[in-house]
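K.L.:
Before we start, here is the structure in question, set down as structure tokens.
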Amino acid sequence: MSQHTRPPDPATRPEPVRDLPEPMPLRRMVGPGIVAIGIGLAAGEIILWPYLTAIGGLGLLWLALTTLAVQYVINMEIERYTLATGQTVVAGFSRWWRGWGVLICLAGAFQYVWPGWATSGSTVLTYLVGGGDPVWISVGALVVIGVLLTFSKVIYTTVERVEFVKVALTLFFLAVAAVFVISLATWGEGAEKTVTGFGRIPEGITFTMILSALGAAGAGGVHNLVLSNWIRDKGYGMGAHVPRLVSPITGREEAAGGDRYAFPQDEANLARWRVWWKRANVEHLTTFVLVCIVTIGVMSLLAYETLFGRDDLESDPSFLRIEGDVLAAEVGTWLKLLFFAIAAVSLWAAAMGLLDVIGRVASDFLRRNYLMDSARWTEARIYLAVVWAEIVLGSAILLAGFDQPIALLLVSTCAASVVTLLYTILLVRLNVRDLPAAVRMRGVRLTAMVIAIAFYGFFALAMLITQIQDL
């Protein structure tokens, strides 16, 4: 291709027709929801929601449950498009205008370049071992994560295994905390406040904190969009026709982000579609949503039981050290050490997943729109280049002195909520106009998406008005 020739418009490329594959058994579909919550189960569940509970009480639990319900609807519309076409939603947005892909990639880079998750994990590790420099530990952890992703034969498989282990360890800790720490009175108060406090914001909680909490409940921002890539690599629906993303060093397959397929709208294919759609909904509801409810709920109750009412809590992970000391005093040192160990592992596993998120979004978009005919810049090579660029930038931010985890997480998670508002609007158009009538979004799901737009829009506008008033 001449350097003066524009890349072909993605919307004009031929759309091959293939039969929709036979649906997988539900047990084999389990994975993408666990990966999504495994990556998300960190900033929100371990730090931001417990911190809000520690300073404001249990009056915000209703908002966590509402956010998870809204995210479930949004996430399933992300999955709908890829199930029906084999193409990611970012690629779908870029069919109208490449600028949408550019904006989402830039938003993802801004959201995840701040290494708040790795820094938080390293800070908690210093509580566990009794010392150390969180900055250099974080830089080392980021490099180790980069090496693991670089040499993974099938990158999704590595990420899935790490997040499965993380979720299992976290659920084990929560079971121990539920038995040994949280009182029946606290359980009862949590249930009562969730119902009676609906729609109310506790004293001392700002709209900036709320927008951050929305972005950290479950998944948030660009994180959700990568469900497209994960279900494609898992082989959901028409994604089974697209090769998986693998390491250019140890693997052979090359993910083809430009592929968009159609399936015949006959009764046999539509019958398979209905099974795929039902099972995908069940997988996400019973993994992502259920695990999020348990983790946010129990972690918040634990923070309320151990920290609420104290006047020595700072807006940094030192409140986790205080929580650990209380656990040691009430139950034993073993529970404190378990708490710190699982928190550190969880936050580092989240950092790994988030590097994978931005690597996938950027490589899929760049390969598809600008480098489709390049023999050198395959999707896997672009992916690794983006991952290592994020590691270098994150390390530079830490070494430059911007190393306050809570501040880093607030920046990231506020950005996540604003990005979620943007692509939720785009998803409505995508799944109404760009899918066949038999599989497109309509009815109850369309109404729920409009509610989701209003939900994120209200809190984003409230934060903006608050910031203007403060200025």
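K.L.:
Look at the stretch 427-454 and say how many of its residues are closer than 30 Å to A268 by Cα, open to solvent by less than 20 Å² (accessible area, probe 1.4 Å) and either under 22 Å from the mean Cα position of the chain (by Cα) or free of Cβ contacts under 8 Å to residues at least 40 places away in the same chain (or both). Before the answer, list the steps.
P.N.:
Of the stretch 427-454, the ones closer than 30 Å to A268 by Cα are 427-449.
In the following step, the residues that additionally are open to solvent by less than 20 Å² (accessible area, probe 1.4 Å) were identified as 427, 430-431, 435, 439, 441, 449.
Checking which are either under 22 Å from the mean Cα position of the chain (by Cα) or free of Cβ contacts under 8 Å to residues at least 40 places away in the same chain (or both) leaves us with 427, 430-431, 449.
Selection size over the stretch 427-454: 4.
K.L.:
Before we move on, is G140 out of contact with any Lys or Arg (no Cβ under 8 Å at 6 or more places or on another chain), open to solvent by 20 Å² or more (accessible area, probe 1.4 Å), free of Cβ contacts under 8 Å to residues at least 40 places away in the same chain and farther than 29 Å from A438 by Cβ?
P.N.:
On the way: out of contact with any Lys or Arg (no Cβ under 8 Å at 6 or more places or on another chain): yes; open to solvent by 20 Å² or more (accessible area, probe 1.4 Å): yes; free of Cβ contacts under 8 Å to residues at least 40 places away in the same chain: yes; farther than 29 Å from A438 by Cβ: yes.
Yes; evaluated as a whole, the condition is true for this residue.
K.L.:
Among the numbered conditions (1) open to solvent by 40 Å² or more (accessible area, probe 1.4 Å); (2) modelled with pLDDT under 90, tell me where R274 comes up short.
P.N.:
With respect to (1) open to solvent by 40 Å² or more (accessible area, probe 1.4 Å); (2) modelled with pLDDT under 90, R274 is out only on (2).
K.L.:
Next up: List every residue pair whose Cβ atoms lie under 7 Å apart, where the two residues are 6 or more positions apart in sequence or sit on different chains, the first residue falls within the stretch 267-286 and is in contact (Cβ under 8 Å) with a residue 24 or more places away in the chain, and the second residue, located anywhere, is outside any helix (DSSP H, G or I) and open to solvent by 80 Å² or more (accessible area, probe 1.4 Å).
P.N.:
What qualifies is N269/D19; R272/E22.
K.L.:
If I filter the stretch 67-83 down to residues being among the hydroxyl-bearing types (S, T, Y) and open to solvent by less than 10 Å² (accessible area, probe 1.4 Å), which single residue comes out as nearest to the chain's Cα centre (by Cα)? Before you say what the answer is, go through the steps one by one.
P.N.:
As a first pass, look at the stretch 67-83 and keep what is among the hydroxyl-bearing types (S, T, Y): 67, 72, 81-82.
Right, trim to open to solvent by less than 10 Å² (accessible area, probe 1.4 Å) and you get 67, 81-82.
On the way: T67: 13, Y81: 18, T82: 17 Å.
Looking at residues that are among the hydroxyl-bearing types (S, T, Y) and open to solvent by less than 10 Å² (accessible area, probe 1.4 Å), I get T67.
K.L.:
Additional query: Regarding the stretch 326-335, can at least one residue be identified that is among the small types (G, A, S), open to solvent by less than 20 Å² (accessible area, probe 1.4 Å), free of Cβ contacts under 8 Å to residues at least 12 places away in the same chain and not in a helix (DSSP H, G or I)?
P.N.:
In the first step, residues of the stretch 326-335 are kept if they are among the small types (G, A, S); the result is 328-329, 332.
In the following step, the residues that additionally are open to solvent by less than 20 Å² (accessible area, probe 1.4 Å) were identified as 332.
This time we only want the ones that are free of Cβ contacts under 8 Å to residues at least 12 places away in the same chain, so: 332.
After this cut, where a residue has to be not in a helix (DSSP H, G or I) as well, the list is 332.
For the stretch 326-335, residues among the small types (G, A, S), open to solvent by less than 20 Å² (accessible area, probe 1.4 Å), free of Cβ contacts under 8 Å to residues at least 12 places away in the same chain and not in a helix (DSSP H, G or I): present.
K.L.:
Could you tell me which residue of the stretch 97-130 is farthest from F319 (Cα to Cα), considering only residues that are outside any helix (DSSP H, G or I) and at pLDDT below 75?
P.N.:
So in the stretch 97-130, the residues outside any helix (DSSP H, G or I) come out as 97, 114-115, 130.
Filter again for at pLDDT below 75, leaving 114-115.
Details: W114: 21, P115: 19 Å.
Among those residues, the one meeting the criterion is W114.
K.L.:
Shifting gears a bit: Quick one: what pairs do we get from the stretch 86-103, first residue closer than 16 Å to T424 by Cα and touching a residue at least 24 places away in the same chain (Cβ under 8 Å), second crowded, with 24+ Cβ neighbours inside 10 Å and of a type in the set (D, E), C-beta under 6 Å, 6+ apart or different chains?
P.N.:
Correct list of pairs: T88/D364.
K.L.:
Of everything in the stretch 177-199 that's under 26 Å from the mean Cα position of the chain (by Cα) and loosely packed, with under 15 Cβ neighbours inside 10 Å, which residue is modelled with the lowest pLDDT? Don't jump to the end; show me each part of the working.
P.N.:
If we filter the stretch 177-199 for residues that are under 26 Å from the mean Cα position of the chain (by Cα), which is where we start, we get 177-178, 190, 194, 198-199.
Then drop every residue that is not loosely packed, with under 15 Cβ neighbours inside 10 Å, which leaves 198-199.
Working: F198: 81, G199: 75.
Selected residue: G199.
K.L.:
A follow-up question, please. Please verify whether the stretch 346-353 includes one or more residues that are open to solvent by 20 Å² or more (accessible area, probe 1.4 Å), in contact (Cβ under 8 Å) with a residue 40 or more places away in the chain, within 26 Å of V30 (Cβ to Cβ) and touching a helix residue (DSSP H, G or I) at 6+ places or on another chain (Cβ under 9 Å). Spell out the reasoning first.
P.N.:
Let us first name the residues in the stretch 346-353 that are open to solvent by 20 Å² or more (accessible area, probe 1.4 Å), namely 348.
In the following step, the residues that additionally are in contact (Cβ under 8 Å) with a residue 40 or more places away in the chain were identified as 348.
Subset that is within 26 Å of V30 (Cβ to Cβ): 348.
Subsequent filtering for residues that are touching a helix residue (DSSP H, G or I) at 6+ places or on another chain (Cβ under 9 Å) retains 348.
Checked the stretch 346-353: at least one residue is open to solvent by 20 Å² or more (accessible area, probe 1.4 Å), in contact (Cβ under 8 Å) with a residue 40 or more places away in the chain, within 26 Å of V30 (Cβ to Cβ) and touching a helix residue (DSSP H, G or I) at 6+ places or on another chain (Cβ under 9 Å).
Here's the yes/no breakdown for (1) surrounded by fewer than 23 Cβ atoms within 10 Å (Cβ to Cβ); (2) at pLDDT below 90:
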position	(1), (2)
R13	yes, yes
P21	yes, no
Y51	no, yes
L65	yes, yes
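K.L.:
To continue, here is another question. Can you name the number of the only condition in (1) surrounded by fewer than 23 Cβ atoms within 10 Å (Cβ to Cβ); (2) under 18 Å from the mean Cα position of the chain (by Cα) that G146 fails?
P.N.:
Against the list (1) surrounded by fewer than 23 Cβ atoms within 10 Å (Cβ to Cβ); (2) under 18 Å from the mean Cα position of the chain (by Cα), G146 comes up short only on (2).
K.L.:
Considering the stretch 53-63 alone, what residues qualify as being part of a helix (DSSP H, G or I) and crowded, with 19+ Cβ neighbours inside 10 Å?
P.N.:
Matches in the stretch 53-63: T53, A54, I55, L61, L63.
K.L.:
Looking at (1) closer than 30 Å to T85 by Cβ; (2) over 14 Å from the mean Cα position of the chain (by Cα); (3) open to solvent by less than 10 Å² (accessible area, probe 1.4 Å), find the lone condition where I210 falls short.
P.N.:
(1)
The values are calculated or read from the model by the stated rules, or taken from the named source; none is laboratory data. Because the structure is predicted, anything quoted here is derived from the model rather than measured. No Cβ is skipped: glycine too gets one built from the backbone with ideal geometry, and neighbour counts run over all protein chains shown. Ligands, DNA and RNA are excluded from the accessible area calculation, which covers all protein heavy atoms including side chains. Shrake-Rupley method; radii C 1.70, N 1.55, O 1.52, S 1.80 Å.
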